[in-house]
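Trainee: Below you will find the structure I want to go over with you.
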Amino acid sequence: MTAQEAGGRISSPASWLKTWKKIGPAYLFLLPKLLLFGLFTVLPVGWTFLLSFQEYEIFDSHWIGLRNYAEAFRNEIFTGALWNTFRYTIVTVPLSILTALIIASLVFPLGHRSQTFFRASFYLPVVTSTVIVAMVWRWIFNYRFGLLNHVVGIFGMQPVDWLGQTDLALWSLMLMNVLIPPGSGILLYLAAMGSVNPSLFEAARIDGASAFQIWRKITVPLLKPTTFYLLILSMIGAFQVFTEIVMMTGGGPGNATETVVHVIYKTGFRDFEYGMASAQSVILFIIIMFIAVFQYKMLGDEGVERHKKRRNK
């Protein structure tokens with residue numbers, strides 16, 4: 001049988017019908033989810049991209065090209081929000097991942113019941129509403145009767161307006177983020193540690209390695225894929241910080257705690273400048289995509305191998 005005959009037989013109606021009988025039901029089950037994904041994700045993203053090139057009003061719109069992007073970068077509030085978001089991400093993401101790694105390393109040697117207790121305890125803030133958590137921390141930072149100022153007063157210091165001072169407000173939000181237990185990261189690290197071959201630890205102990213050396217030389221390197229995964233997710237989440245800003249500072253004092261998503265929200269839903277808000281959203285998307293790709297190239301398996309080859313040369 002020639003290749004042409006084989007190709008014709010494969011593409012025959014009977015062959016297509018046989019293939020459809022095998023895979024058709026799976027696609028039918030996936031169809032509702034795909035329709036919802038297209039309707040509520042793909043379509044809004046595409047529409048946002050188109051709106052970014054328009055001066056869009058409720059009853060009228062016209063094409064203006066890249067003017068929205070140029071005005072976005074000339075807007076001091078937006079560029080300041082970009083800088084605040086970068087600072088927030090650079091500080092909170094590494095500290096959150098390091099905290100999750102240390103806590104998971106301390107919990108992992110415990111027994112099953114103790115691990116279960118700590119898993120549930122540290123994961124509780126994750127399932128708690130972000131609004132409720134922000135309200136609690138707003139009380140903690142309160143100038144008159146907040147818990148933090150009460151602790152400060154014990155040491156004879158004057159109360160601090162944590163959320164009302166321009167140079168302290170953003171750092172206070174960073175402190176809140178770092179002190180909230182990173183429950184998802186802890187669970188992922190514990191699961192990754194459980195998959196490590198115990199014989200590696202036994203061999204290291206036999207060779208006389210200390211507990212810290214085992215953790216630094218064996219545990220941490222083997223957790224690199226989990227760390228890389230958490231780094232990407234945490235970075236994306238930090239760039240999209242919004243609820244804490246709305247509930248605690250509203251972007252103030254002044255514009256000291258403005259972040260990109262909060263500026264996009266105000267531009268679109270307060271000022272009704274949908275074209276400008278869409279352009280700002282596309283800029284944020286491009287920044288996140290660029291950083292994620294850069295991290296993958298540098299920290300992914302291929303990036304690490306290329307770095308090793310250059311170093312060996």
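Trainee: Show the residue pairs meeting these rules: Cβ distance below 6 Å; 6+ apart or different chains; first residue within the stretch 138-155 and touching a residue at least 60 places away in the same chain (Cβ under 8 Å); second residue among the hydroxyl-bearing types (Ser, Thr, Tyr).
Mentor: Hits for this filter: Phe141/Ser172.
Trainee: Another one. Determine which member of the set Thr257, Thr243, Thr219, Thr226 is surrounded by 18 or more Cβ atoms within 10 Å (Cβ to Cβ), under 30 Å from Glu71 (Cβ atoms) and in the same structural domain as Ile288 (by TED's automatic domain parsing).
Mentor: After ruling out the rest, the residue left standing is Thr257.
Trainee: With respect to Ile77, determine if the residue is in contact with a Gly (Cβ under 8 Å, 6 or more places away or on another chain) and either surrounded by fewer than 19 Cβ atoms within 10 Å (Cβ to Cβ) or part of a helix (DSSP H, G or I) (or both).
Mentor: For Ile77, the condition - in contact with a Gly (Cβ under 8 Å, 6 or more places away or on another chain) and either surrounded by fewer than 19 Cβ atoms within 10 Å (Cβ to Cβ) or part of a helix (DSSP H, G or I) (or both) - is not met.
Trainee: Ok, one more. Being in the same structural domain as Glu258 (by TED's automatic domain parsing), modelled with pLDDT under 90 and part of a loop (DSSP other than H, G, I, E, B): is that true of Val126 here?
Mentor: When the stated conditions are applied, Val126 does not pass them.
Trainee: Just one of Leu66, Leu110, Leu82 is over 25 Å from the mean Cα position of the chain (by Cα) and surrounded by 12 or more Cβ atoms within 10 Å (Cβ to Cβ); which is it?
Mentor: Residue meeting the stated conditions: Leu110.
Trainee: What's the number of the condition Asp167 fails, among (1) at pLDDT below 90; (2) assigned to a loop (DSSP other than H, G, I, E, B)?
Mentor: (1)
Trainee: Is it the case, given these coordinates, that Ser121 is closer than 13 Å to Leu190 by Cα and not acidic (Asp, Glu)?
Mentor: No, not satisfied.
Trainee: Condition test on Pro109, is it at negative phi, in a loop (DSSP other than H, G, I, E, B) and either in the same structural domain as Ala292 (by TED's automatic domain parsing) or at pLDDT 90 or above (or both)?
Mentor: yes
Trainee: Just to be sure, is Val263 touching a helix residue (DSSP H, G or I) at 6+ places or on another chain (Cβ under 7 Å) and at pLDDT 95 or above?
Mentor: So Val263 fits the description; yes.
The values are calculated or read from the model by the stated rules, or taken from the named source; none is laboratory data. Source: prediction; values computed, not measured. No Cβ is skipped: glycine too gets one built from the backbone with ideal geometry, and neighbour counts run over all protein chains shown.
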